[in-house]
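Colleague: Structure provided below as structure tokens; questions to follow.
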Ligand code: HMG
Ligand code: MG
């Protein structure tokens, strides 16, 4: 049997958080419902951040309320602070994610905190989640390059990843936020991180700005990673990373993994329908 690699679908969150058009909630719900039919086990659909910072995610509670939940699928939400955590719990997110950075410049720009301050903010969120048995995922941004500070030292990534792992994140997702990583810099970063966090607790989250995300996924497969974040239709970017393109397209990752002999468990036809929906959402003119 082909060995399994999981794609964690990011389109409704990482994708749509960066679309210029204010996308109607019903369109977001239709996209999530199509993705649920494609066979994903985890879909990030919401972000309980400040609407002043990311207005595109202001309807997150309505999205979680409106989707048709499939058994066995986790609908995930970003939570930057306790207020976000409370919003996610009230909206019945199945898991939450805290997000930090390996570089100080991006940490300040994205969450208005130093890395040390972000660790302090995460602690009560993780404790509260543990109390109610809610799984917590952790992100590290700028794992190879930062739009403000330049190249990121691999040891800086290892330090943040180790922290997230030790406080209890069930998985740490390594973000090439601006898509500048190469197989060489990804490899150097992974070698540092793997000294502290095992491969089965790591995921690759690669934006495709330079068209190297698939090559970076292959380099990561060589280091034992078996979970990759991707956004259907290549939706998105990051509002606090100027010039960043979307996550690598889910359908491209599915195609490459299948060619390499891995199984993703996804239905390629339904995935193609979701990719069409996503592309139509982004190609509509700005209102
Ligand atoms: P702040 O301005 O330092 O905090 O923002 P604050 O506590 O002073 O709050 C500012 C305002 O936001 C206040 O409103 C708060 O009430 C409100 P005001 O009093 O001015 O009217 N507020 C909230 N509202 C709703 N929900 C909340 C919330 N918290 C505060 N949870 C904060 C700090 C963290 C809130 C802000 O910086 C923020 O929301 N940042 C999020 C930025 C973001 O979402 N970035 C994109 C996601 S990360 C990403 O894409 C990277 C990733 O994909 C991995 C990768 O690719 O690298 C994960
Ligand atoms: Mg991202």
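The values are calculated or read from the model by the stated rules, or taken from the named source; none is laboratory data. Predicted model, so just to flag it, every value in this text is computed and none were measured. Positions of Cβ are backbone-derived with ideal geometry, glycine not excepted, and every protein chain shown enters the neighbour counts.
Colleague: Can you confirm whether region 201-217 contains a residue that is away from ligand 1 (no atom under 16 Å from the Cβ), farther than 24 Å from residue 46 by Cα and either over 17 Å from the mean Cα position of the chain (by Cα) or at pLDDT below 95 (or both)? Quick ask: steps written out before the conclusion?
Modeller: Keep residues of region 201-217 that are away from ligand 1 (no atom under 16 Å from the Cβ), which gives 201, 211, 214-215.
From the residues that got through so far, the ones that are farther than 24 Å from residue 46 by Cα too are 211, 214-215.
Those still in the list that are either over 17 Å from the mean Cα position of the chain (by Cα) or at pLDDT below 95 (or both) too: 211, 215.
Yes: region 201-217 contains one or more residues that are away from ligand 1 (no atom under 16 Å from the Cβ), farther than 24 Å from residue 46 by Cα and either over 17 Å from the mean Cα position of the chain (by Cα) or at pLDDT below 95 (or both).
Colleague: Look at region 124-156 and say how many of its residues are more than 15 Å from ligand 1 (Cβ to nearest atom) and under 23 Å from residue 51 (Cα atoms).
Modeller: Within region 124-156, residues that are more than 15 Å from ligand 1 (Cβ to nearest atom) and under 23 Å from residue 51 (Cα atoms) number 1.
Colleague: Given the residues 116, 88, 123, which is the only one that is part of a helix (DSSP H, G or I), out of contact with any helix residue (DSSP H, G or I) (no Cβ under 6 Å at 6 or more places or on another chain), modelled with pLDDT of 95 or more and crowded, with 23+ Cβ neighbours inside 10 Å? Don't jump to the end; show me each part of the working.
Modeller: Values: 116 fails: crowded, with 23+ Cβ neighbours inside 10 Å; 123 fails: crowded, with 23+ Cβ neighbours inside 10 Å.
Of 116, 88, 123, the one residue that is part of a helix (DSSP H, G or I), out of contact with any helix residue (DSSP H, G or I) (no Cβ under 6 Å at 6 or more places or on another chain), modelled with pLDDT of 95 or more and crowded, with 23+ Cβ neighbours inside 10 Å is 88.
Colleague: Just for region 98-107: of the residues that are touching a helix residue (DSSP H, G or I) at 6+ places or on another chain (Cβ under 9 Å) and under 22 Å from residue 51 (Cα atoms), which one is nearest to ligand 2 (Cβ to nearest atom)? Spell out how you get there, then give the answer.
Modeller: So the first thing to find is which residues in region 98-107 are touching a helix residue (DSSP H, G or I) at 6+ places or on another chain (Cβ under 9 Å), and the list is 98-104, 107.
Within this subset, residues satisfying the condition of being under 22 Å from residue 51 (Cα atoms) are 98-101, 107.
Numbers: 98: 14, 99: 9, 100: 13, 101: 11, 107: 14 Å.
The extreme case among them is 99.
Colleague: Please work out which residue is farthest from ligand 2 (Cβ to nearest atom), limiting yourself to region 150-166 and to residues that are over 19 Å from the mean Cα position of the chain (by Cα) and closer than 30 Å to residue 132 by Cβ.
Modeller: Applying the filter and picking the extreme gives 166.
Colleague: Answer yes or no: is there a residue in region 74-92 that is over 18 Å from the mean Cα position of the chain (by Cα) and away from ligand 1 (no atom under 13 Å from the Cβ). Break it down stepwise before answering.
Modeller: Our first condition is that a residue be over 18 Å from the mean Cα position of the chain (by Cα); within region 74-92, this holds for 82-83, 86-87, 89-92.
Checking which are away from ligand 1 (no atom under 13 Å from the Cβ) leaves us with 92.
Scanning region 74-92, I find at least one residue that is over 18 Å from the mean Cα position of the chain (by Cα) and away from ligand 1 (no atom under 13 Å from the Cβ), so the answer is yes.
Colleague: Shifting gears a bit: State all residues of region 3-27 that are closer than 20 Å to residue 70 by Cβ and away from ligand 1 (no atom under 16 Å from the Cβ); if no residue qualifies, say none.
Modeller: Result: 4, 6, 25, 26, 27.
Colleague: When you scan region 61-70, do you find a residue that is under 18 Å from the mean Cα position of the chain (by Cα), within 16 Å of ligand 2 (Cβ to nearest atom), modelled with pLDDT of 95 or more and surrounded by 15 or more Cβ atoms within 10 Å (Cβ to Cβ), even just one?
Modeller: Within region 61-70, the subset under 18 Å from the mean Cα position of the chain (by Cα) is 63-64.
Cutting the leftovers down to within 16 Å of ligand 2 (Cβ to nearest atom) gives us none.
Scanning region 61-70, I find no residue that is under 18 Å from the mean Cα position of the chain (by Cα), within 16 Å of ligand 2 (Cβ to nearest atom), modelled with pLDDT of 95 or more and surrounded by 15 or more Cβ atoms within 10 Å (Cβ to Cβ), so the answer is no.
Colleague: How many residues does region 22-56 hold that are away from ligand 2 (no atom under 16 Å from the Cβ) and free of Cβ contacts under 8 Å to residues at least 40 places away in the same chain? Write out each step before concluding.
Modeller: Within region 22-56, the first condition is being away from ligand 2 (no atom under 16 Å from the Cβ), and the residues that meet it are 22-41, 48, 50-52, 55.
Still in the running and free of Cβ contacts under 8 Å to residues at least 40 places away in the same chain: 24, 28-29, 33, 36, 50-52, 55.
Qualifying residue count for the region: 9.
Colleague: Considering region 129-159 alone, what residues qualify as being in a helix (DSSP H, G or I) and touching a helix residue (DSSP H, G or I) at 6+ places or on another chain (Cβ under 6 Å)? Reasoning before the result, please.
Modeller: As a first pass, look at region 129-159 and keep what is in a helix (DSSP H, G or I): 129-132, 154-159.
Of everything in region 129-159, those that are in a helix (DSSP H, G or I) and touching a helix residue (DSSP H, G or I) at 6+ places or on another chain (Cβ under 6 Å) turn out to be 154, 155, 157, 158.
Colleague: Specify which of the listed residues (230, 245) is crowded, with 19+ Cβ neighbours inside 10 Å, at pLDDT below 95 and touching a strand residue (DSSP E or B) at 6+ places or on another chain (Cβ under 8 Å). Please lay out each step first, then the result.
Modeller: Working: 230 fails: at pLDDT below 95.
Every option except 245 fails the conditions.
Colleague: Now for a different question. Return the residues of region 94-121 that are within 17 Å of the chain's Cα centre (by Cα) and within 13 Å of ligand 1 (Cβ to nearest atom); say none if nothing qualifies. Steps first, please.
Modeller: Restricting attention to region 94-121, the residues satisfying the condition of being within 17 Å of the chain's Cα centre (by Cα) are 94-102, 106-107, 110-111.
96, 97, 98, 99, 100, 101, 102, 106, 107, 110, 111 - these are the residues of region 94-121 that are within 17 Å of the chain's Cα centre (by Cα) and within 13 Å of ligand 1 (Cβ to nearest atom).
Colleague: Looking at region 1-21, which of the residues that are out of contact with any helix residue (DSSP H, G or I) (no Cβ under 7 Å at 6 or more places or on another chain) and part of a loop (DSSP other than H, G, I, E, B) is nearest to ligand 2 (Cβ to nearest atom)?
Modeller: Filtering first and then ranking leaves 10.
Colleague: Identify the single condition in (1) surrounded by fewer than 22 Cβ atoms within 10 Å (Cβ to Cβ); (2) farther than 17 Å from residue 116 by Cα; (3) free of Cβ contacts under 8 Å to residues at least 40 places away in the same chain that residue 204 does not satisfy, given that it satisfies every other one.
Modeller: (1)
Residue by residue, here is whether (1) touching a helix residue (DSSP H, G or I) at 6+ places or on another chain (Cβ under 7 Å); (2) within 16 Å of ligand 2 (Cβ to nearest atom); (3) more than 21 Å from residue 281 (Cβ to Cβ) holds:
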| position | (1), (2), (3) |
| --- | --- |
| 180 | no, yes, yes |
| 200 | no, no, yes |
| 211 | no, no, yes |
| 217 | yes, yes, yes |
| 221 | no, no, yes |
| 236 | yes, yes, no |
| 240 | yes, yes, yes |
| 256 | yes, no, yes |
